[in-house]
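**Student:** First the structure, which I've put down as structure tokens, then a few questions once you've had a look.
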Amino acid sequence: AFPLQWREEGLLYAALQPLTASDLFFRTDTGETLTLDDSASATPSAAISPDGRFIAYANDETGREEIYVRRFPDGQTRWRVSDSGGEFPRWTADGGALYFQAHDRILKVPVDTGGEVFVAGEPELIARLPRPGGFLSRLYDVMPDESSLVLAEHERPDAPALVLLTGLHERLAD
């Protein structure tokens, strides 16, 4: 098992299983373990929204990983966010958008989580990665104010580097 996200009310984690790709679980602060996805197509890539009402995760039931959102923690109702691949979702601090990695690209999708129905806009290209990631290899993270993106470069295994991409607000305005 490995942790994906620590929250005040518990821990989101994935566990690799022999018969399924991986399973997603949430261990509450009271010790209860909730199974969030134990399908044969679950992947170890998920994040809970800042308001705690939704979970974004990757699933490869279509033959490639795509980003989906479900209500959290009951899992009722599912919405597909990506349409050309996706993994490693990250919510913005205000919950108004989702970032995700799709092969060698970082995309951003505006979302509305304020009502009973989740609404996602169109994905927008934010940056290209130096090379696609590998298994369990999230190669980016977003600053809480969305002003910058940090990218991992793995051109040389003996000298990994981090690249800080700044000015995201200006890039998005262009």
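Read-outs: derived from the displayed coordinates by stated rules, not from any lab. Note that this is a predicted model, so its numbers are computed, not measured. Glycine also receives a Cβ, built like all others from the backbone with ideal geometry; neighbour counts cover every protein chain displayed.
**Student:** For TRP6 and ARG53 in one chain, what is 0.36 nm times their gap in residues minus the Cα-Cα distance, to one decimal in nm? Don't skip to the answer; put the middle values down first.
**Tutor:** On the way: separation 47, 0.36 × 47 = 16.92 nm, distance 1.51 nm.
Separation in residues times 0.36 nm, less the Cα-Cα distance, equals 15.4 nm.
**Student:** Need the full-extension length gain, THR35 to THR62, defined as separation in residues times 0.36 nm minus the C-alpha distance. One decimal, nm.
**Tutor:** Working: separation 27, 0.36 × 27 = 9.72 nm, distance 2.15 nm.
That pair, THR35 and THR62, stretches by 7.6 nm at full extension.
**Student:** Shifting gears a bit: Of the trypsin sites (Lys or Arg not before Pro) in segment 56-107, which ones lie in a loop per DSSP and count no more than 16 other C-beta atoms within 10 Å?
**Tutor:** Loop-located and lightly packed - ARG64.
**Student:** Then there is this: Just in segment 31-116: which GluC sites (Glu not before Pro) are loop by DSSP and have at most 10 other Cβ atoms within 10 Å? Write out the running numbers ahead of the final one.
**Tutor:** Values: sites: GLU32, GLU61, GLU65, GLU66, GLU87, GLU116; in loops: GLU32, GLU61, GLU65, GLU116.
Listed in order of number, the matching sites are GLU32, GLU116.
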